[in-house]
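Before any comments, here is the structure.
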Amino acid sequence: MGSVSTADSSSENPVDPPAVEIHIFACGHGDTILLRLPGDRWVLMDCHLPEADGTRARFFEFAESLKINRLDLVILTHPDLDHYLGMPEVLTHFAGKRNGLGTFCDSGPSAQRIRLSLRKSGWKTYRRLIAKISELHTSGSLKRAWLHAGSRFISPQGYAGHLDLVPIAPDPGVLDVLLDQGVRKMAERPDSGLDANNLSVVLMLTAAHDHRHFNFLLAADSSVEQIKVAMTEWSNRAKELNRSEAIHGLKIPHHGSWHSHERQMCLPDSTNGERVACISAGDRSGLPDRRVLTDFLKHGWSILITRPRRSSRKKLHTASAPISLIDRTPSRLPDTDFDLLVTWSAGGPINWGPKGAEIKTGQLDGYDSADSEE
Amino acid sequence: MTSESTPSKQTPKEAPGATEPLAGGWLAQVAMALGKGTKLQVAGVSAKQLDEYLRQLRGSSELQVEVDWREVVHETGGDLKRLEIAERRADENLVRAQILLTQNEELRGELRELRKSVAQITRVADQQQSSIERHQEQQDQLIQHLVERGRANDRLLDFAQSHKSGHVLMMEAFEGFVTRVDPDKVVVVYETETDAITHQYQKAQFIGGRLPAVGQRIVTHICVCASDRNGEDAAPHSQIEGKEDHGERIDGRFEF
């Protein structure tokens, strides 16, 4: 086990101005995020690709349509099944291409030990993933790296200081505490699950060009406590990078769970610029929570959801819908899935879409405020 | 009463006779003190009170009492009613006060009983807490033991899988004795046919923190297996879990 580090100084001016594409692939109740960074470098951040409903096949078509031939960086934010389902297959797929994989990155031994210690749903897939990574690593097809408290910036070659992924959580102490809790829990109830959400790696994608900044928070499934830690850490790192602290966009944590909602994320910034919040949501657990949506809308954010709901209870009851459609929770019936895209290029404005994925205040009646969430 | 010899126009509340009309005949006492022939001018009182005053003065016939009837008639209006109400309220308040006093006494009694109960419950809770803490401690030890047994089982599983796969090449055992036990390490000397091998163990390696004593005999069993990383069956359970191969730790900046 070694360590990897390069000089902390910023790169010379890059060949091309920094540009970012953030693709949030509609994958139901999970996260599949693709980042296109300068130099046509691609980062896959988590994936939830069930095979049975065709999501996995659609992902490969999606990747094909974007002409992705190599994943330069694969990040697993935390070891929950809805963040790594199908990842072994994705790695296998890209390993089959010439020079198709770069580096796999997670939060290292502690997270892996915690996950492997717990015989929670999905551990077999996780073991298969770790075995696949080991296999690819051994064969030289994939590099491995892991984040810890001393990890500062992750940047595409030639863009250090111009475009960076900044790890801002978890708190290094959390992992050990969770490991201890997990072992105890396992000893008490072998089938028990551990909330691995607190292991979530939180990254700030930050870019600057011509004194204009773009900051996009990738919050995984972090809890409120983790988000607070992340916000404080970001404040320090932003000063270090001489960046604005303002958040221009984010992937709302934990599919819009109220238990992961920290108001500091959505408070207005001094620039009063346009801001966009993206949610990857399925039709489980009543997420996203209406209160989270309301808070973001109230503070002037635009919200995109991979699976917006347009069917309200009222609408279904008054419409001549077939009886079978009138579920006990009809508000949870999905409509259409949307792959979300947020782009920023060379100091220009933020663009996002598609329009159909955007929801407004008046369209909230299909959403619940879930008191108990998974 | 308005003359120099009488307190003038005292309100019924202020006059002792108004609130306590029969308390000691105060008016008669005043009249007696002032002496024979004193003229009393009575005004600003109700007819009922006036009757009372006259009754009180019955034993002091030498006193001449002059009554201003107009004033009395005037007082028999709304003020009289208010006065009666106030008197009634005062009586009611007195009754209430007595009830409250009784209740207060009862509550004090109950409070004393409750305090006794709380003290008893607290004693029991303290005993239970201490019992819980003892159990927690035992549970912690059991969990620790369980985790260590799990690790030992992993080793056995490794061995079993290697054995099944035909990767076990050799097994041997060495005997030796403990020569030193430091706070962080234990030194053991193993005796072989030709040599003595000194080996150091970290304290953390010992299950449950149970360290051997200096001079204690030790036996170690070694299983030598062939390693084949490419074969599925050669990557037993703990090779994945226990293998400390997590790649490179990202320190500072990482470029990809």
### Query
Kirkwood Rh over Cα pairs of the range A:235-308 into Stokes-Einstein at 37 °C, 0.692 mPa s: D in µm²/s?
253 µm²/s
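Just want the ordering: A:Arg237, B:Arg123, from fewest to most Cβ atoms lying within 10 Å of their own Cβ.
Values: A:Arg237 19, B:Arg123 10.
Lowest count first: B:Arg123, A:Arg237.
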### Task
Between B:Ala196 and B:Gln144, with labels modelled 7 Å along Cα→Cβ, what's the label distance in nm to one decimal, could you check?
3.3 nm
### Message
Please compare each pair in A:Lys132/B:Lys164; A:Lys239/A:Lys360; A:Lys143/A:Lys228; A:Lys67/A:Lys228; A:Lys251/A:Lys360 to a cut-off of 26 Å on the Cα-Cα distance and tell me which ones are over it.
### Response
A:Lys239/A:Lys360; A:Lys143/A:Lys228; A:Lys67/A:Lys228
### Query
Where the centroid of each part is defined by its Cα atoms, how far is the range A:18-46 from the range B:111-132 in Å?
61 Å
### Task
Set the Förster radius R0 to 51 Å, insert the Cβ-Cβ distance between B:Leu157 and A:Ser369 as r into 1/(1 + (r/R0)^6), and round the FRET efficiency to 0.05.
0.60
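Give me B:Met171, A:Met87, A:Met231 sorted ascending by neighbouring Cβ count inside 10 Å, so fewest comes first. Can you show the working numbers first?
Details: B:Met171 12, A:Met87 24, A:Met231 19.
Taking fewest neighbouring Cβ atoms as first place, the list is B:Met171, A:Met231, A:Met87.
Give the average, rounded to an integer, of partner chain Cβ atoms located within 10 angstrom of each Cβ in A:157-168. Let's see the in-between values first.
Working: counts 2, 1, 1, 3, 1, 0, 0, 3, 2, 0, 2, 0.
The per-residue average across the peptide is 1.
Which shape class, rounded, prolate or oblate, goes with the range A:34-106 when its Cα gyration tensor gives a ≥ b ≥ c as root eigenvalues, a/c under 1.5 marks rounded, and past that a/b bigger than b/c marks prolate? Present the calculation step by step, with values, prior to reporting the outcome.
Numbers: a/c = 1.66, a/b = 1.21, b/c = 1.38.
Oblate is the answer for the range A:34-106, as a/c is 1.5 or above yet b/c matches or exceeds a/b.
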### Query
Given a Förster distance of 56 angstrom, what is the FRET efficiency for B:Leu107 paired with A:Thr232, based on the Cβ-Cβ distance and rounded to 0.05?
0.60
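How big is the Cα convex hull of the range B:94-233 in projection, averaged over all directions, in nm²?
Details: hull surface 71.8 nm².
Directional mean of the projected Cα hull area for the range B:94-233 stands at 17.9 nm².
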### Task
Fewest Cβ neighbours within 10 Å first, please rank A:Lys360, B:Lys203 accordingly.
A:Lys360, B:Lys203
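Suppose the chain between A:Lys360 and A:Thr92 were pulled fully straight at 0.36 nm per residue; how much longer would it get relative to their current alpha carbon spacing? Provide the component values of the computation, followed by the final result.
Details: separation 268, 0.36 × 268 = 96.48 nm, distance 4.03 nm.
Length gained between A:Lys360 and A:Thr92: 92.4 nm.
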### Query
Roughly what would the spin-label model give for B:Lys116 and B:Arg180, points 7 Å off Cα along C-beta, in nm?
6.7 nm
### Query
For labels at B:Asp79 and A:Asp40 in the simple 7 Å Cα→Cβ model, what's the distance in nm?
11.0 nm
### Task
Kindly list the residues of the range A:336-372 that lie in the label zone of A:Glu64, defined by a backbone N under 19 Å from the point 7 Å along the Cα-to-C-beta vector.
A:339
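Values in this text are rule-based calculations from the coordinates and carry no lab data. The model shown is predicted, which means the values in this text are computed figures rather than measured ones. In this analysis, Cβ positions are derived from the backbone assuming ideal geometry, glycine residues included, and neighbour counts consider all displayed protein chains.
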